[in-house]
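Structure first, then comments.
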Amino acid sequence: MQQKSDISETALLDACRILFGTKIDLSSQFLSYLQPAGAKSAYREKAKKNHPDLFVDCAPGIRRQQSELFQEIHGAYKLLASYLDHRHRVSPPPSRPVAREESPPNDARPPRTAAGVPRHLPRHPLEFGLFLYYRGVIAYPDLIAALLWQRRQRPNLGAIAKRWGWLDEQKIQTTLQHRGFCNRFGTRAVELGFLTGIQLQALLRYQQTLHKKFGQYFVEEGILNSAEIDRLAEDLNKHNLGIAASNRYRSAATVGKPPFRTR
């Protein structure tokens with residue numbers, strides 16, 4: 001099986017684009033949220049619609065084209081499955097309950113819902129969406145829906161760059177049509193010389209500020225209320241701080257120094 005280190009992020013995002021379509025704004029964050037069940041579900045749906053057996057009565061050229069497309073879909077899924085399997089083996093979920101300090105008191109636990117099943121929290125820092133997923137507050141489809149909702153709330157880089165006078169409509173269209181090393185708009189614009197690296201970073205930082213808060217999606221959908229969001233955000237902060245402290249302790253122990261100063 002191919003190792004994760006042998007698979008470039010560009011190849012992984014291309015595979016995601018084949019399975020999930022071109023309308024989804026794919027990124028490293030999407031890959032971090034992607035789970036085997038989600039990849040398998042997308043693959044099955046795509047394969048069902050494009051299986052060569054559905055085109056046996058078509059012209060030879062169409063049959064050949066569909067056969068190649070099906071092989072491409074299958075190859076994309078195998079690539080993602082290999083990556084996800086390796087990620088799981090390198091950083092599997094804990095097989096035992098988490099330490100006492102990471103388990104909130106019973107009255108602080110979010111209620112179990114039909115959408116999610118509480119899981120053991122991984123022993124590494126989490127972003128808010130994954131924290132809700134592992135706590136059983138939301139199901140995986142809710143996680144992806146919230147991520148895509150958040151991305152739809154912000155204007156695209158081309159619109160921002162045009163408003164700032166860095167790109168015009170012709171350059172935006174040229175960038176969209178450009179087939180370069182990367183599929184992201186900003187990187188394509190830099191490859192074409194329309195933007196500098198500094199300009200791209202400024203655009204990305206500004207675009208990030210236009211995000212609605214991730215938890216707002218669940219409030220608008222009636223899944224959680226604002227008080228529950230605040231409490232879960234506090235729980236997440238405690239989890240991440242605990243992991244950071246544990247990592248500092250292990251790092252200090254490795255070099256033979258005490259992790260904290262003593263008087």
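Each residue of region 142-149 in turn: what ³J(HN,Hα) in whole Hz from Karplus with 6.51, -1.76, 1.60 and θ = phi - 60°, glycine and Pro shown as x?
Values, residue by residue: 5, 4, 5, 4, 5, 4, 5, 4 Hz.
Going from most exposed to least, what order do D230, D85 have by accessible area with a 1.4 Å probe?
Sorted descending by solvent-accessible area, the residues read D230, D85.
Could you work out what % of the accessible surface of region 118-171 is carbon and sulfur, using a 1.4 angstrom probe and leaving DNA, RNA and ligands out of the count?
Carbon plus sulfur share of accessible area: 52 percent.
Using a 1.4 angstrom probe on the protein heavy atoms only, could you order R163, R152 from most to least accessible area? Numbers along the way, then the final one.
Numbers: R163 140, R152 165 Å².
Largest accessible area first, the list is R152, R163.
Between Y206 and N247, what is the label-point separation in nm under the 7 Å Cα-to-beta-carbon projection?
Taking the simple label geometry, N247 and Y206 are separated by 3.2 nm.
Step through the table entries K78/K238; K40/K213; K162/K213; K48/K212; K78/K212, compare each Cα-Cα distance with 27 Å, and write down the pairs that go over it.
K78/K238; K40/K213; K48/K212; K78/K212, as the Cα separations exceed 27 Å there.
Rank H88, H124 by accessible area, highest first, at a 1.4 Å probe radius?
Accessible-area ranking of H88, H124, largest first: H88, H124.
Can you pull the accessible area of Y134 for me, 1.4 Å probe, Å² to the nearest 10?
Here the accessible area works out near 40 Å².
Rounded to the nearest 10 Å², what accessible area does F185 have for a 1.4 Å probe in the complete protein model?
Surface accessible to solvent at F185 totals approximately 40 Å².
Would you check the accessible area of R250, probe 1.4 Å, heavy atoms only, in square angstrom rounded to 10?
120
The values are calculated or read from the model by the stated rules, or taken from the named source; none is laboratory data. Predicted model only: the values in this text are computed from it and were never measured. We place every Cβ from the backbone using ideal geometry, glycine too, and count neighbours over all the protein chains shown. Heads up: the accessible areas ignore ligands, DNA and RNA and are worked out on the full protein's heavy atoms, side chains in. Shrake-Rupley method; radii C 1.70, N 1.55, O 1.52, S 1.80 Å.
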